[in-house]
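Just below is one structure, and these are the notes that go with it.
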Amino acid sequence: MKTKRFKKAIIIFSITSSIILSSACSTSRVSTENEKDSKNEVTIAFRSGGSTNSGLIQWMKQEVIPEFEKKYPNTKVKLSPLNVSEGNYFAKVALMLKSKNTNLDVVTEDTFMVNADARAGYLEPLDKKVSKWEDWKYFVESVKTGVKDQNGGIYGIPYNTDTRGLWYNKEIFREVGLPVPWKPKTWNDIIAAAKKIKEKSSPDIVPIWMNSGKATGEATSMQTFEMLLNGTNTPLYDVKTKKWIVKSQGLTNTFKFIDEIYERKLGPSLSLVLNGQGSAIAYQQLMPKGKLAIGLDGIWQTGNWRKDGPAPWPEAEEKLGFAQMPTEKGQSPGNVTMAGGWALSIAKNSDNKAMAWELIKVASSKENNLKLLSLEKSLSPRKDVAKDPEYLDNPKFKEATEMLKNAQFRPSEDKYPNVSTQIQTLVESVVTDRLTPNEAAKRYEEYVTNIVGEQNVIKK
């Protein structure tokens, strides 16, 4: 009997305490339709440990959180860093979003995962919220596509974006007789430059680096495979027919280009390129030391070389060039770039969606976005920030921002992450000589057809 009375007392006390707590926190609530927010804390999950995220953590702690908590003094922001690899981050976040017991409110989403997580029911739609938000009109239209599902619903607010091109060491180019500035017109121009560097420069200099294995995950799919494939006449996905292109000469030629780099020993050793820390090796070690001539990668790499970055390199602006990636044969439009980036999304299972949205608005203001990108060295998704003199002072940002005009994006399809995983496996198989380019193209057709269904594929 004592036990029953004791349990009953606890229940009554808990209910009473909840009522008192709810009343006490009511002054910090921003009410929205049909929401029952009950906690005075907003939790945000993000990946830590990556070189590009050190700026984000500093930005949240020094700029966003103080401003938000000053505006809403009864609501605190809790950072929930996940110290995992890029691939494991997506899996971990999916599990957290699926669970109703993680107390997750805001999550940083790589835009290529937004559609898949939205389709799975993990994210809160933001269409009604952005329709009443004045700042949304300042976001670049092409970048907005990255946070929409295949039906056009909005599920995130971008906080950065990017473009990709060819980093090259001007000193090495001059030493071997290559032109500076370098403006390759075709894939053959890239091969020719890499061959000349191998023949005429020091043997410890890597002529060209491309992410080429499973360990570097989406970087292999996007920075390497899709940058090449979109320079052919047949991309991954046909937007007109809404079908995946599983067989084309462009696919085969993409695998052939990757194969040629390694067959001719123009790339790094396999022990380096198949390492999960490949990007850090290339851009924090080899390039600052003058041991890498060409790197196919993104504008964000400048963040490595800033004064407070992981590999400070004051001479980077003077010694490096950033060339546009040409199309395969120089065909229109002449060059290609992929754009991606990260966004802030609200968890569908959040019990504090109103304050989660308020946090996103604070973080996404013009002033705060400019402060983030001054640290992070990624491109801004906001048109007004992209015109700011402080922003344009960043090395190569003007050139990289202009590339956004013709930028292409990953397919806004929920099957894309699965297709991307197969791309990574096949690229590594070609690089390690387990498959020929023709065999890889054939496997690609089989694998992607199985993933998306025969009714959703075409051959060109």
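The values are calculated or read from the model by the stated rules, or taken from the named source; none is laboratory data. Source: prediction; values computed, not measured. Heads up, the Cβs are rebuilt from the backbone with ideal geometry, glycines too, and the neighbour counts pull from every protein chain shown. Note: accessible area is taken over every heavy atom of the protein model, side chains too, but ligands, DNA and RNA are not part of it. Shrake-Rupley method; radii C 1.70, N 1.55, O 1.52, S 1.80 Å.
Using only helices, what value at 222 nm comes out for the chain when you add -39,500 (n - 2.57) per DSSP H run of length 4 or more and divide by the total residues, to the nearest 500 deg cm²/dmol?
-11500 deg cm²/dmol
Quick one: if you stick a label point 7 Å off each Cα along the C-beta vector at GLU41 and ASN233, how many nm between them?
5.9 nm
Sort all Cα-Cα distances of region 114-202 into consecutive 5 angstrom bins from zero, then give the percent of pairs in each bin up to the one containing the longest distance.
Taking every Cα pair in region 114-202, the percentages come to 2, 11, 17, 13, 7, 5, 6, 9, 11, 9, 5, 1, 0.
Lysines near LYS195 by alpha-carbon distance under 17 Å, same-chain residues fewer than 8 away left out - which ones?
Here the lysines satisfying the reach criterion relative to LYS195 are LYS170, LYS183, LYS185, LYS256, LYS265, LYS291.
List the trypsin sites (Lys or Arg not before Pro) within region 87-166 that fall in a DSSP loop (any state other than H, G, I, E or B) and whose Cβ has at most 14 other Cβ atoms within 10 Å. All intermediate terms of the calculation are to be shown ahead of the outcome.
Numbers: sites: LYS92, LYS98, LYS100, ARG119, LYS128, LYS129, LYS132, LYS137, LYS144, LYS148, ARG164; in loops: LYS100, LYS132.
For trypsin sites (Lys or Arg not before Pro) across region 87-166 that sit outside H, G, I, E and B with at most 14 neighbouring Cβ atoms in 10 Å, the list reads LYS100, LYS132.
Report relative contact order for the chain in percent, whole number only (criteria: Cα-Cα under 8 Å, sequence separation at least 6).
Taking the mean separation of contacting Cα pairs over the length of the chain, I get 26 percent.
Using a 1.4 angstrom probe on heavy atoms only, work out the carbon and sulfur share of the accessible area of the chain in %.
Using a 1.4 Å probe with all protein chains present, the chain comes out at 50 percent carbon and sulfur.
In region 356-460, if every C-alpha pair distance is counted and binned at 10 Å from zero, what percent goes to each bin?
12, 27, 21, 22, 17, 0
Put a dot 7 Å past each Cα toward the Cβ at LYS459 and LYS387; how far apart are the dots in nm?
Taking the simple label geometry, LYS387 and LYS459 are separated by 5.1 nm.
Return one whole number: the accessible area per residue of region 333-413 in Å², for a 1.4 Å probe.
Value for region 333-413: 34 Å² per residue.
Given region 270-397, report the % of alpha carbon pairs whose separation exceeds 27 Å.
Numbers: 2893 of 8128 pairs.
Beyond 27 Å sits 36 percent of the P(r) for region 270-397.
Could you calculate the FRET efficiency of THR186 with GLN62 from 1/(1 + (r/R0)^6), where r is the beta carbon distance between them and R0 is 41 Å, rounded to 0.05? Let's see the in-between values first.
On the way: r = 46 Å, r/R0 = 1.12.
That pair, THR186 with GLN62, gives E of 0.35.
Determine the per residue accessible area of region 166-282 with all protein chains present and a 1.4 angstrom probe, expressed in square angstrom.
Result: 41 Å² per residue.
What residues have an amide H closer than 5 Å to that of GLN408, excluding those fewer than 5 places away on the same chain, when H is modeled at 1.01 Å from N in the peptide plane?
Those qualifying (amide H under 5 Å, at least 5 residues apart or on another chain) are THR337, MET338, ALA339.
List the trypsin sites (Lys or Arg not before Pro) within region 286-335 that DSSP assigns to loop and that have no more than 10 neighbouring Cβ atoms inside 10 Å.
LYS307
Quick one: which residues, 5+ away or cross-chain, put their amide H under 5 Å from the amide H of SER201? H built at 1.01 Å from N.
For SER201, no residues qualify.
Under 5 Å between amide H atoms, partner at least 5 residues away or on a different chain: which partners does LEU82 have, H built in plane at 1.01 Å?
Here PHE46, ARG47, SER48 satisfy the definition.
Can you pull out the trypsin sites (Lys or Arg not before Pro) in region 184-266 whose DSSP state is coil and whose Cβ has at most 16 other Cβ atoms within 10 Å?
Those satisfying the criteria are LYS185, LYS240, LYS242, ARG264, LYS265.
Pairs LYS71/LYS353; LYS214/LYS240; LYS307/LYS398; LYS76/LYS361; LYS129/LYS387: which are spaced more than 23 Å apart, C-alpha to C-alpha? Mind dumping the intermediate values first?
Values: LYS71/LYS353 17 Å; LYS214/LYS240 30 Å; LYS307/LYS398 20 Å; LYS76/LYS361 15 Å; LYS129/LYS387 26 Å.
Going by Cα-Cα distance, LYS214/LYS240; LYS129/LYS387 fall outside the 23 Å limit.
Using θ = phi - 60° and the Karplus form 6.51 cos²θ - 1.76 cosθ + 1.60, what ³J(HN,Hα) does each residue of region 381-389 get, whole Hz, x for Gly and Pro?
Couplings: x, 9, 5, 6, 5, 5, 9, 6, x Hz.
First obtain the Kirkwood hydrodynamic radius of the chain from its Cα pairs, then insert it into the Stokes-Einstein equation at 10 °C and 1.306 mPa s, and state the resulting D in µm² per second as a whole number.
In µm²/s, the coefficient is 68.
Near LYS243, which lysines are there with a Cα under 23 Å away, not counting those fewer than 8 places off in the same chain?
Within the straight-line cut-off, LYS243 pairs with LYS144, LYS148, LYS415, LYS442, LYS459, LYS460.
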